[in-house]
Each structure stands twice: as structure tokens, then as C-alpha cells.
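Read the figures in this text as sums done on the coordinates, not as results from a lab. Please read all numbers here as calculations on a predicted model, not as lab measurements. Cβ: placed from backbone, ideal geometry, glycine included. Neighbour counts: every protein chain shown.
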Amino acid sequence: MRDQFPFAVARVTRRWRKLLDERLKDLGVTQARWTTMVYLQKGGEGLTQRELASLMAIENPTLVRLLDSLEGQGLIERRPCQHDRRARRLFLTESGERFMDDLNDRAQALREEMLAGIGDDEIECALQVFQKIMVNAERQQ
């Protein structure tokens, strides 16, 4: 059973993302773009590109392309940093806020569908297991 666990987690993750992508297709945004916006919203607006890249665990050049695309769609804006003129801080635009409201509503609906019939105690247990796995993974670095 232990040998099947990582594959089961990967299958659920892929399926979840695929279904959410399908529900967001009409918004014209890819998974990479919506993931970036989720991190920006949850990480706190006003992050620098470097902070966001670190939070997302991706390379800065990859993030720059994503941010250029999001800025081109009018979903985010870069503003000068008051304390470091070289840095720019990232903010959602009004369109970006509306997009995130829609994304969050659609994600919530999908969550409810995929977690139907699963009790809060089961979810809590699963989250505890994932937390322990992450602690073990951190020890490997």
C-alpha cells in the first residue's frame, strides 16, 4: 500500500487541476497563470517578484514570463517599491480581483464536488498525514 501512495496523490492532484482548468477555460487563463494569482492573493499583495518566486518555488525568469502575461491581460500590475527603487511590488488589478472572486467560487464548487461524502474528520486526518510527509521531506534537504 505504501508504494501506491505517491501515485495516488499524483493522480488526485492531476485530476483536480484538469477539472479546474476545464472550469476556468472560458476565462482564458492557464494553470500556471491562475496558480501565480492564487499565490499572489494568498501570499499577500505587494510581494516582490523575488518573494513570489521563492513562495512558488520557481525560478525568477519563469515567473517574469508569467507576470508579463498576467500584466498584459490586465490582471496584475507592478508598482515601484518605496524602499528599493530596483524592485517592483505586485498587486491585483480590479479585473484581477474580479477574476480571483470567480476563480475562488469555481474552485470552491469543485472542492465541494470532489470532497462529497468525505467527513471533516477524514479531511483533517489526511491533512495531518500530508503535514507529516512534508516534515519528513524537509529533513531530506
Cα extents of the chain along the three principal axes, largest first (Å): 53, 39, 23
Per-peptide average of other Cβ atoms within 10 Å, ordering 21-31, 99-109 highest first: 99-109, 21-31
Taking the chain and dividing mean pair separation by its residue count, relative contact order in percent (alpha carbons under 8 Å, at least six apart): 20
